[in-house]
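Q: Sharing a structure, written as structure tokens. Questions coming.
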Amino acid sequence: MPTIEMADIREWRQHAVVDETGKRIGTLESVYVDTVDDEPFFATVTVGLPTRQRLVFVPLIGAVAGPGYVRVTFPKSLVKDAPAIDVDGVLAAEEEPAVFAYYRLEYVPGSRGERRLARR
């Protein structure tokens, strides 16, 4: 499967995010890149009721873009319970390891302890 290029993923903000079976998870809000190589690594997805929305994190590993959607390789049931921030919140550096751990991804901070993720 093709990967999503950084220039392309920015165009998909506010489009649907669906799981591997096509079930709608929510709306793509932003992209977080890996600070090691500046490649897209996680997306935040707006989920919840209009009065109680939050942003959940989902890895972009293996994600593909289609007409009006981004398909991720994780099931909706897993993503909806993922670590989240408020819609106007920011992922704190000390919370990064928990996001990786939730998806069983290895977390390695930078050589000087710097953040692994940067919002783009």
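The values are calculated or read from the model by the stated rules, or taken from the named source; none is laboratory data. Please read these numbers as outputs of a predicted model, since none were measured by experiment. No Cβ is skipped: glycine too gets one built from the backbone with ideal geometry, and neighbour counts run over all protein chains shown.
Q: If I filter region 14-34 for residues that are touching a Leu at 6+ places or on another chain (Cβ under 8 Å), free of Cβ contacts under 8 Å to residues at least 40 places away in the same chain and of a type in the set (A, V, I, L, M, F, W, C), do I get at least one hit?
A: Scanning region 14-34, I find no residue that is touching a Leu at 6+ places or on another chain (Cβ under 8 Å), free of Cβ contacts under 8 Å to residues at least 40 places away in the same chain and of a type in the set (A, V, I, L, M, F, W, C), so the answer is no.
Q: Continuing with this model, one more query. How do the pairs read when you match residues in region 67-94 that are surrounded by 13 or more Cβ atoms within 10 Å (Cβ to Cβ) and assigned to a strand (DSSP E or B) with residues anywhere that are charged (D, E, K, R) and modelled with pLDDT of 90 or more, using Cβ under 6 Å and keeping only pairs 6 or more apart or on different chains?
A: Ala84/Arg54
Q: Please determine whether any residue of region 34-52 is assigned to a loop (DSSP other than H, G, I, E, B) and either touching a helix residue (DSSP H, G or I) at 6+ places or on another chain (Cβ under 6 Å) or crowded, with 18+ Cβ neighbours inside 10 Å (or both).
A: So far as region 34-52 goes, no, none of its residues is assigned to a loop (DSSP other than H, G, I, E, B) and either touching a helix residue (DSSP H, G or I) at 6+ places or on another chain (Cβ under 6 Å) or crowded, with 18+ Cβ neighbours inside 10 Å (or both).
Q: Does Ala82 meet the test of being in contact with a Phe, Trp or Tyr (Cβ under 6 Å, 6 or more places away or on another chain) and modelled with pLDDT of 85 or more?
A: yes
Q: Now a separate question. Check off (1) within 19 Å of Arg119 (Cβ to Cβ); (2) modelled with pLDDT under 90 for Glu95 and give me the number that stays unchecked.
A: It fails just one condition, (2).
Q: Only residues that are closer than 25 Å to Lys23 by Cβ and either assigned to a loop (DSSP other than H, G, I, E, B) or without any contact (Cβ under 8 Å) to a residue 12 or more places away in the chain (or both): list them for region 95-107, please.
A: Hits for region 95-107 are Ala101, Tyr103, Arg104, Leu105.
Q: Something else now. Out of Gly62, Gly22, Gly110, Gly26, report the one residue that is outside any helix (DSSP H, G or I), modelled with pLDDT of 90 or more and loosely packed, with under 12 Cβ neighbours inside 10 Å.
A: Result of the check over Gly62, Gly22, Gly110, Gly26: Gly22.
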